[in-house]
Amino acid sequence: MAQKAVFIRKAIFVVGTASLINMIVMYFLANPHLGYWFQAAVSVFMMTYAVIYDRIPRRLHTVIKGVCLVPVVIGIFLAVYGNLSNADYTEDVVIILGAGLRNGEVNLHLANRLDTAIAYLRRNPNALIIVCGGLGVGQPVTEATAMKRYLTERNIAPERIIIEDQSTTTYENLVFAKEILDRRFPGGFRAVLITNAFHIYRAANVARLLGINVNPLGAPTPWQNLVPNYLREIAAVTHMWIF
């Protein structure tokens with residue numbers, strides 16, 4: 001039993017340390033957001049928990065495990081939901097949500113969304129595409145402009161691309177996109193909604209609340225950014241469910 005406790009302590013400490021190192025490195029390499037601070041807090045908690053593991057009463061261990069299980073379950077739900085697609089490749093338009101830029105260029109998250117859209121467009125040559133995202137802090141161009149450039153450089157005809165370049169949040173992405181598409185399709189439209197898999201559940205729910213008929217299609221997330229993005233999304237989804 002003592003050997004098992006020692007193994008658990010070491011495993012928790014190693015995982016916490018690795019997570020903290022990952023957070024520090026990616027904070028400077030990726031676009032920092034609240035999820036990285038969540039990851040830092042979780043990492044420090046794990047390391048501290050490992051250090052004082054033997055001094056914690058058994059009942060408190062049970063409580064801690066129960067509390068930790070909740071975000072794990074939510075995260076698994078988001079991952080499963082985000083990787084289930086019901087796109088039938090007959091939709092009228094593809095909606096791609098913005099994800100920030102680095103020095104005016106799309107980041108890895110956004111590149112994955114755009115690559116997923118390109119694969120979709122090759123199977124549905126009649127669909128239009130709307131790229132969403134305004135001007136981020138310190139960026140020379142809007143997200144939508146950078147997204148269009150990325151697509152046209154990969155042989156997507158510019159006349160197929162509609163720009164929505166005023167939004168700064170997921171909600172605004174979808175509100176402003178709907179305003180544009182309602183004018184373009186006065187008889188109504190069916191859309192594919194593309195964002196990273198961790199974000200699909202919340203984005204699809206917002207779209208449907210706004211009255212957009214969407215079929216979600218999740219894009220992969222860079223492995224090195226999985227933890228902070230899922231932590232942030234777990235917090236956002238929990239807030240959505242409560243409020």
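Just checking, does the range 67-87 include any residue being touching a helix residue (DSSP H, G or I) at 6+ places or on another chain (Cβ under 8 Å) and polar (S, T, N, Q)? Yes, the conditions are met somewhere in the range 67-87. From the list PHE189, PHE198, the one residue that fits, being surrounded by 24 or more Cβ atoms within 10 Å (Cβ to Cβ) and not assigned by TED's automatic domain parsing to the domain that holds ILE74, is PHE198. Restricting ASN126, ASN107, ASN83, ASN112 to residues that are more than 30 Å from ALA5 (Cα to Cα), out of contact with any strand residue (DSSP E or B) (no Cβ under 9 Å at 6 or more places or on another chain) and of a type in the set (S, T, N, Q) narrows the list to ASN126. When each of LEU128, LEU135 is tested for being in the same structural domain as GLY100 (by TED's automatic domain parsing) and either at pLDDT 95 or above or not hydrophobic (A, V, I, L, M, F, W, C) (or both), the lone residue that passes is LEU128.
So that you can scan it fast, the table gives a plain yes or no per residue for (1) farther than 17 Å from VAL227 by Cβ; (2) under 20 Å from the mean Cα position of the chain (by Cα); (3) of a type in the set (Asp, Glu); (4) loosely packed, with under 13 Cβ neighbours inside 10 Å:
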site: VAL6; (1), (2), (3), (4): yes, no, no, yes
site: VAL73; (1), (2), (3), (4): no, yes, no, yes
site: ILE76; (1), (2), (3), (4): no, yes, no, yes
site: VAL93; (1), (2), (3), (4): yes, no, no, no
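Among the residues making up the range 31-53, those that are of a type in the set (A, V, I, L, M, F, W, C) and in contact with a helix residue (DSSP H, G or I) (Cβ under 6 Å, 6 or more places away or on another chain) are LEU34, PHE38, ALA40, MET46, MET47, ALA50. Taking the criterion of being part of a helix (DSSP H, G or I), touching an Asp or Glu at 6+ places or on another chain (Cβ under 9 Å) and closer than 28 Å to GLU159 by Cβ, the only residue of the range 69-110 that qualifies is LEU110. Picking from residues in the range 172-205 that are touching a helix residue (DSSP H, G or I) at 6+ places or on another chain (Cβ under 6 Å) and aromatic (Phe, Trp, Tyr), the one that is farthest from TYR81 (Cα to Cα) is PHE189. Considering the conditions (1) surrounded by 21 or more Cβ atoms within 10 Å (Cβ to Cβ); (2) touching a Leu at 6+ places or on another chain (Cβ under 9 Å), VAL141 is excluded by exactly one of them, (1). Would a scan of the range 221-228 turn up a residue that is among the aromatic types (Phe, Trp, Tyr) and either farther than 23 Å from ASN126 by Cα or touching a Lys or Arg at 6+ places or on another chain (Cβ under 6 Å) (or both)? Within the range 221-228, one or more residues are among the aromatic types (Phe, Trp, Tyr) and either farther than 23 Å from ASN126 by Cα or touching a Lys or Arg at 6+ places or on another chain (Cβ under 6 Å) (or both). With a requirement of 2 or more residues that are of a type in the set (Val, Ile, Thr), touching a residue at least 24 places away in the same chain (Cβ under 8 Å) and in contact with a Leu (Cβ under 8 Å, 6 or more places away or on another chain), the strands (runs of 3 or more DSSP E) lying completely within the range 149-243 that satisfy it span 161-164, 191-196.
The values are calculated or read from the model by the stated rules, or taken from the named source; none is laboratory data. The model shown is predicted, which means the values in this text are computed figures rather than measured ones. Please note: Cβ atoms are built from the backbone with ideal geometry, for glycine as well, and neighbour counts cover all protein chains shown.
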